[in-house]
Amino acid sequence: MAINKKTLRDVNLKGKRVIHHCDFNIKLSRNGLGETVPVSEVRIKAYFPSIFYLLDQKCKIIFISWLERPGGKRVKELSLAPVAKRLSQLINREVKHLPDLVGPKVRKFIDQMKSGEMVMLENTRFYPGEMIDDDKHAKEIARNGDIKVMDAFGHAHRVHASVTGIPRHIPAVAGMYLEGEMETFNKLKRSPQKPLVLMVGGTKVYDKIKAMGHLIKKADYVLTGGAVANNFLVAKGLEVEKSFLEEPFVDKAKGTQIDPVEEARKLMEKYPEKILVPDDYIAGDQIKKPKRKKLVDLKQGKKLPKGWAYLDIGPRTIRKYVRIIKQAGTVFWDGPMGKYEDSRFREGTLKIAAAIAENGKTTILAGGDTAALAENFGFFFRYSHVSVAGGATLQYLANRPMPGIEALLDK
């Protein structure tokens, strides 16, 4: 399904200085040698098609991205240097790293680069002008290139200098990863192969409920787990004790109070036959470092002990969800079924991941956590499409504005 924005194949890039905006917002950790390294390579490999296309075009490639939330200050631990090093190793070509994003030293370095050479500039969020989309700062970043290739779908819902500011000063087009995301999600919104099953877990509850509100009209089933399911349980009048719930908050855009539980209640009232909540759970005596666990079967009238928390879906729910997934023509999955990073509460997420991998039809995964667990479980290449974007995917599916995409050149 074609998109209405120009892509890197629609413009002349021969020998150009290309600012390649990627989503390298990757968790870093220390390895056994004491080196700081990315914990996952999914977000790096996602951009290989665009990178190798730009190399074929003899471009100078200037990578930009942000990493976590340094708050407009330099934070040594959030430098993109480890990402540049790992990218170099993966593509077997040198990707230099500069400790700055803008300024005469950066421009001089880029001017001296040869065609086909690559450099990664420093974390865009080290600069206070980034998150307020300061135009003067955006113009300085834009001076580093002749054209921008936007591949960071996960950043495209932001109004930041690197996202919406640069295109005010130089042309901007979609990269191959961004193009693939839009085509996949456009098809999901318009004409999914039926039955359509939405598998929704994890956190970011309100965003997921909003996205569900748009997709549910075409969906046959919505299977809930994780913190998302907790909100639906409360909406049904059930007690979740210390299980994670997203608290009510004020929507800054509308200035109104938003209660995720109330939003869940509205959805269930409108689509009672489509939305399924777990029948049983594996619970822990606390969320952070549980010492004990037990099965809580709601079908048998069991209740969660006081002070405990739901940390995984139970065997009865797993069997029911797997039966539905096996019959699906399209499965969209965003978010784990519980505290999967703890092996005691992993079975639900693992069994769901395996069932979706074995579906054999259209299977779409979204969100950084979901993509990472697919990689960790060894299922990554068994899905039709894996998106490394989280909040941006939900915003796109909810038909909310995507300023970073709107800023690209129209076809």
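All of the numbers you see were taken from the coordinates with simple rules; none came from a lab. This one's a predicted model, so the numbers in the text were calculated from it and none came from an experiment. Here Cβ is always computed from backbone atoms with ideal geometry, including for glycine, and neighbour counts include all displayed protein chains.
Results, tabulated for the structure shown:
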item	result
Residues whose placed amide H lies under 5 Å from that of LYS60, excluding near-sequence neighbours	LYS16, ARG17, VAL18, GLY116
Förster-model FRET efficiency, 41 Å R0, ASP56 and TYR271, C-beta, rounded to 0.05	0.30
Cross-link partners of LYS16 among aspartates and glutamates (Cα-Cα below 13 Å; sequence separation of 8 or more within a chain)	ASP56, ASP111, GLU117, ASP146
Cross-link reach list, lysines versus LYS293, counting only Cα pairs under 16 Å and skipping chain neighbours closer than eight places	LYS242, LYS302, LYS303, LYS306, LYS339
Between helix 205-215 and the chain: long-axis angle, C-alpha atoms, 0 to 90°, nearest 10	90 degrees
For the stretch 174-197 and the stretch 333-411, distance of Cα centres in Å	13 Å
Percent of beta bridges antiparallel (DSSP, the stretch 185-397, rounded to nearest 5)	40 percent
For the stretch 163-238: rounded, prolate or oblate by the Cα gyration tensor [a/c cutoff 1.5]	oblate
Calculated from backbone phi, Karplus (6.51, -1.76, 1.60) coupling profile of the stretch 217-228 in Hz, x at Gly/Pro	4, 8, 7, 9, 9, 10, 9, 10, x, x, 5, 4
Per-residue HN-Hα couplings for the stretch 230-245 [Karplus 6.51, -1.76, 1.60; θ = phi - 60°; Hz; x = Gly/Pro]	4, 5, 5, 4, 5, 4, 8, x, 8, 8, 10, 6, 9, 4, 5, 10
DSSP beta bridges in the stretch 8-177 [antiparallel fraction, %, rounded to 5]	15 percent
DSSP beta bridge pairing in the chain, given as percent antiparallel to the nearest 5	30 percent
Subset of LYS58/LYS108; LYS320/LYS361; LYS236/LYS266; LYS204/LYS236; LYS27/LYS136 violating a 22 Å alpha-carbon distance limit	LYS27/LYS136
Helix-derived mean residue ellipticity, 222 nm - over the chain, DSSP H n ≥ 4, -39500 (n - 2.57), to 500	-9000 deg cm²/dmol
In degrees, nearest ten, helix 260-270 long axis to first principal axis of the chain (Cα)	70 degrees
Amide H contacts of THR7 (H built 1.01 Å from N, under 5 Å, at least 5 apart or other chain)	ALA174
Using θ = phi - 60° and Karplus 6.51 cos²θ - 1.76 cosθ + 1.60, couplings along the stretch 57-70 (whole Hz; Gly, Pro as x)	7, 6, 7, 8, 9, 10, 7, 10, 6, 10, 9, 6, 10, x
Long-range amide H partners of ARG93 with built H, under 5 Å	none
Distance-filtered residues of the stretch 131-156 - backbone nitrogen under 15 Å, label point 7 angstrom along ARG168 Cα→Cβ	131-143
Loop trypsin sites (Lys or Arg not before Pro), the stretch 188-226 (other Cβ atoms within 10 Å of the site Cβ: 13 or fewer; DSSP)	LYS217
The chain: angle of helix 368-377 to the longest principal axis, Cα-based, in degrees nearest 10	80 degrees
